[in-house]
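A short write-up of the structure that comes next.
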Amino acid sequence: MDTELNSIKKELDQELKILSNKKIADGVYEMKLQGDTSLITAPGQFINIKLPGFYLRRPISICDYDEKGLTIIYKVVGHGTDYLSTLGADTAIMSLMGLGNGFDVDSCGGHVLLVGGGVGTPPMYGLAKALFAAGKKVSVVLGFNSASDVFYKDEFEKLGASHKDLFGGVYVATVDGSEGTKGFVTDCLKEIDGITDYCACGPIPMLKALFGFYGDKIPGQLSFEERMGCGFGACVGCSIKTNSGFKKVCKDGPIFKSTDVII
């Protein structure tokens, strides 16, 4: 078993060089990395970063990528991510690449709603780019606790400015009402008409609320943020309950159809 795991790690492990690492909101950092991204195949996948002195890697969703490198956005929530925030340009890090299944762009309809909650926002950016490239209309709802937590609103708007005929706008909800709509992402949904389906990433209460709002009338793809040990299905530490039994978020997901999961 150990030989098999080491073989998987060797195949997926890539060296990346940090180009920049900057704070973009309260406790939130954007890191741009240079390296081989050929193992990344779809928006919504993640990488699993190895940090010296830490036993477990840190899984971080991919915000954006091209043939030269990728962008990740992470929040400092513990010692590992705090250490990550101190790393400067030209630092080399090792990361398992192209993990997870990613969003299925081809299955999306003509008007897709993207919903990001907090650090569930980053993968929505790369997905928006892929949807625009496929000729889909895109509307975006972002949820945060307060204005100091908001990030990438301007980036989504700039992205939409290049696709005016396909852009439904960006809506922001904050719990304290300091920016945008006061409340939660679901408080913005009534403002958006003509949705064919939705894609979302964020905490389980948000995903549950979205499914409660749309039910089985509008199909959804939900990306789960679970604690992970290995990142590729060996430790079974990130399992969730589905209609067909327990599934591993890191390998079978992190994206699942909204009607398949039990939350």
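The values are calculated or read from the model by the stated rules, or taken from the named source; none is laboratory data. Since we're looking at a predicted model, the values are computed, not measured. Every residue, glycine as well, gets a Cβ built from its backbone with ideal geometry; the counts of neighbours run over all protein chains shown.
So here's what we get for this one:
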| quantity | calculated |
| --- | --- |
| Residue list for segment 232-254, filter: among the aliphatic types (A, V, I, L, M) and surrounded by 18 or more Cβ atoms within 10 Å (Cβ to Cβ) | 240, 249 |
| Matching entry among 160, 177, 194, 169 (being surrounded by fewer than 20 Cβ atoms within 10 Å (Cβ to Cβ) and without any contact (Cβ under 8 Å) to a residue 12 or more places away in the chain) | 177 |
| Residue count, segment 52-79 (criterion: of a type in the set (Gly, Ala, Ser) and either at pLDDT below 95 or out of contact with any strand residue (DSSP E or B) (no Cβ under 6 Å at 6 or more places or on another chain) (or both)) | 2 |
| Top-ranked residue in segment 1-41 [being farther than 30 Å from residue 148 by Cα and of a type in the set (Gly, Ala, Ser); ranked as modelled with the lowest pLDDT] | 7 |
